[in-house]
Each structure stands twice: as C-alpha cells, then as structure tokens.
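Peer 1: First the structure, which I've put down as structure tokens, then a few questions once you've had a look.
The values are calculated or read from the model by the stated rules, or taken from the named source; none is laboratory data. Source: prediction; values computed, not measured. Every residue, glycine as well, gets a Cβ built from its backbone with ideal geometry; the counts of neighbours run over all protein chains shown.
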Amino acid sequence: GNSVTQMEGPVTLSEEAFLTINCTYTATGYPSLFWYVQYPGEGLQLLLKATKADDKGSNKGFEATYRKETTSFHLEKGSVQVSDSAVYFCALNVGAQKLVFGQGTRLTINP
Amino acid sequence: KAGVTQTPRYLIKTRGQQVTLSCSPISGHRSVSWYQQTPGQGLQFLFEYFSETQRNKGNFPGRFSGRQFSNSRSEMNVSTLELGDSALYLCASSLAVGGQGAGELFFGEGSRLTVL
C-alpha cells in the first residue's frame, strides 16, 4: 500500500543550525510528494512539493529532492530560525486530492 | 481572498449523539476534502468531494458521511459518536483543475470535537 514514514520527533535545535527531517515513502505508481507545515494554532500549509523524480521543491529556505532510487524526500534548511518552530508533515498524493501523511515531526528552535 | 472556513471551531458531544461540521472553501475551489487528525493515528483521509460528488473515500466506517452543495460548501456528519471520534477534523479545498495542482490543498483551522 501507500505509506509515509518520517523521523520521529520532537527535534530541538538552536537558531542558525542545519535542519534535516527524514522522510521515506512506499507507493504504487509515481506519486507527487509534499511537505506541509502546521504552525501553532494554525491549519496546515503547503511548504513545498515535487512531482517527479529528481525534482527539487523549495520555499522559505527549505528544500527537498524527490529521490526515486531511495524512495525519499528529506526536508532540509541551512539555517533555521525561531519562527520555523512548527510540526512538519511529509505526504504523498495517491490520486485526485487524497494525501497520505506521515506522523509529523515537531520542531522547536531555541534562540 | 478569504481562506477555508470551518464551523464550529470547538464542540463537545456525548457518546451516541451525532454531529455536523461545516466547511466553506476558498472561492473558486470546487474540491473539498476532509481529514481526521488525532495524536495516535495522525492525519487520515476521510473523503473528497468535487462538484457535489464523492470522488474518494478513506477507510472509515459508514457513521462518517459527507456531502457537498452546489456552491461547493461541504458538510460532514458523524453519527452515533464514540469516544474514539474525538479529534481535530480538518477541511481542505483545492482548485483541482485536471491534474494541475493535485495534492495542493488549502486547509482550514479545523473543528475540534470532544466526545465524552
């Protein structure tokens, strides 16, 4: 079946540290991959996406590359800020508007 | 442009009751999806409606149902509530024009249901 596995949190980093949140997937066919972010007290927001192998999605300094050979879509940012504290969800699209989400990774950035 | 609006934001029900949640999508969006978010199960897809037709359904019992109106507004209903139905119910809308934007969802802030 279709599934997404994210690294377990919570993750705590200091400001300006390098961030990696691992995400791997299992899917039939060729899914599109996404990272969504949920800031405290807000709904989920699309952070970035990639629709085919080797595509790189980027937004707000975050990047993720669709790696078909390793079935991965790891989220990275070179220098995190306190405002990046949120819960991050990796997801894949399996048709129409149905998304399969990972469990989420809570990120806390300390000043 | 107004975002996705969900009502009510918070509600408390008792076991056996039923509940109806409402969602107003972003203007022009014809696809509305519903997700259940719990600490244990995470985010799980309930169903998606497009042009008043259910296009996709997740693995939830028949107590969970939904509908979409001609103005794209959507409601979901849960009957015979159980304690395990306590969750944040998220509605999301999207343009969903052909294959463009598949998976690009705009979420509301959710309706938090507590079942006692």
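Peer 1: Could you list, in sequence order, the residues of the stretch A:45-87 that are of a type in the set (Val, Ile, Thr), free of Cβ contacts under 8 Å to residues at least 60 places away in the same chain and loosely packed, with under 13 Cβ neighbours inside 10 Å?
Peer 2: If the condition is that a residue be of a type in the set (Val, Ile, Thr), free of Cβ contacts under 8 Å to residues at least 60 places away in the same chain and loosely packed, with under 13 Cβ neighbours inside 10 Å, then A:THR70 is the only one that fits.
Peer 1: Run down B:SER65, B:SER27 and say which single residue is among the polar types (S, T, N, Q), more than 9 Å from chain A (Cβ to nearest Cβ), more than 17 Å from A:VAL100 (Cβ to Cβ) and outside any strand (DSSP E or B). Steps first, answer last, please.
Peer 2: On the way: B:SER65 fails: outside any strand (DSSP E or B).
Checking each option against the conditions leaves just B:SER27.
Peer 1: Another question, then. Tell me the residue from B:SER74, B:SER111 that is farther than 24 Å from A:PRO40 by Cβ and touching a strand residue (DSSP E or B) at 6+ places or on another chain (Cβ under 8 Å), please. Give the derivation first.
Peer 2: Values: B:SER111 fails: farther than 24 Å from A:PRO40 by Cβ.
Just a single option satisfies the conditions, and that option is B:SER74.
Peer 1: Show me the strands (runs of 3 or more DSSP E) found entirely inside the stretch A:15-58 where at least 3 residues are out of contact with any Gly (no Cβ under 6 Å at 6 or more places or on another chain), at pLDDT below 95 and β-branched (Val, Ile, Thr). Give the steps one after another, and end with the answer.
Peer 2: Values: elements: A:19-21, A:23-26, A:32-38, A:44-50.
Passing ranges: none, list empty.
Peer 1: Which one of the conditions (1) at pLDDT 95 or above; (2) crowded, with 17+ Cβ neighbours inside 10 Å; (3) within 23 Å of A:THR5 (Cα to Cα) does B:PHE60 fail to meet, given that it meets all the rest?
Peer 2: With (1) at pLDDT 95 or above; (2) crowded, with 17+ Cβ neighbours inside 10 Å; (3) within 23 Å of A:THR5 (Cα to Cα) applied to B:PHE60, the lone miss is (2).
Peer 1: If I ask for residues that are part of a strand (DSSP E or B) and either under 22 Å from A:THR51 (Cα atoms) or modelled with pLDDT under 95 (or both), which ones from the stretch A:69-89 would you list? Spell out how you get there, then give the answer.
Peer 2: As a first pass, look at the stretch A:69-89 and keep what is part of a strand (DSSP E or B): A:72, A:75-77, A:86-89.
The answer is A:SER72, A:LEU75, A:GLU76, A:LYS77, A:TYR88, A:PHE89.
Peer 1: Give B:GLY66, B:GLY101 a once-over and let me know the one that is at positive phi and not hydrophobic (A, V, I, L, M, F, W, C).
Peer 2: Working: B:GLY66 fails: at positive phi.
It is B:GLY101.
Here's the yes/no breakdown for (1) under 27 Å from A:THR28 (Cα atoms); (2) in contact with a Phe, Trp or Tyr (Cβ under 9 Å, 6 or more places away or on another chain); (3) among the aliphatic types (A, V, I, L, M):
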{"position": "A:ALA64", "(1), (2), (3)": "yes, yes, yes"}
{"position": "A:GLY78", "(1), (2), (3)": "no, yes, no"}
{"position": "A:TYR88", "(1), (2), (3)": "yes, yes, no"}
{"position": "A:PHE101", "(1), (2), (3)": "yes, yes, no"}
{"position": "A:PRO111", "(1), (2), (3)": "no, no, no"}
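Peer 1: Ok, one more. Taking only the stretch A:33-44 into account, find how many residues are surrounded by 15 or more Cβ atoms within 10 Å (Cβ to Cβ), over 16 Å from A:CYS23 (Cα atoms) and more than 7 Å from every other protein chain (Cβ to nearest Cβ).
Peer 2: Step one: of the stretch A:33-44, the residues surrounded by 15 or more Cβ atoms within 10 Å (Cβ to Cβ) are A:33-38, A:43-44.
Those left that are additionally over 16 Å from A:CYS23 (Cα atoms): A:38, A:43-44.
Going one step further and asking which of them are more than 7 Å from every other protein chain (Cβ to nearest Cβ), we end up with A:38.
Residues meeting the conditions: 1.
Peer 1: Then there is this: Within the stretch B:23-41, can you find the residues that are touching a residue at least 60 places away in the same chain (Cβ under 8 Å), over 14 Å from B:PHE60 (Cβ atoms) and under 12 Å from the mean Cα position of the chain (by Cα)?
Peer 2: B:CYS23, B:PRO25, B:SER31, B:VAL32 - these are the residues of the stretch B:23-41 that are touching a residue at least 60 places away in the same chain (Cβ under 8 Å), over 14 Å from B:PHE60 (Cβ atoms) and under 12 Å from the mean Cα position of the chain (by Cα).
Peer 1: Follow-up question, since we're still on this one. Hey, among A:ALA17, A:ALA50, which residue is hydrophobic (A, V, I, L, M, F, W, C) and more than 16 Å from the chain's Cα centre (by Cα)? Even if it seems obvious, please write down each step before you answer.
Peer 2: On the way: A:ALA50 fails: more than 16 Å from the chain's Cα centre (by Cα).
Going through A:ALA17, A:ALA50 in turn, the sole match is A:ALA17.
Peer 1: Hey, does the stretch B:2-11 have a residue that's loosely packed, with under 13 Cβ neighbours inside 10 Å and at pLDDT below 95?
Peer 2: Yes.
Peer 1: Quick one: A:GLY57 ticks every box in (1) of a type in the set (Gly, Ala, Ser); (2) touching a Cys at 6+ places or on another chain (Cβ under 8 Å); (3) within 14 Å of another protein chain (Cβ to nearest Cβ) except a single one, so which number is it?
Peer 2: Failed condition: (2).
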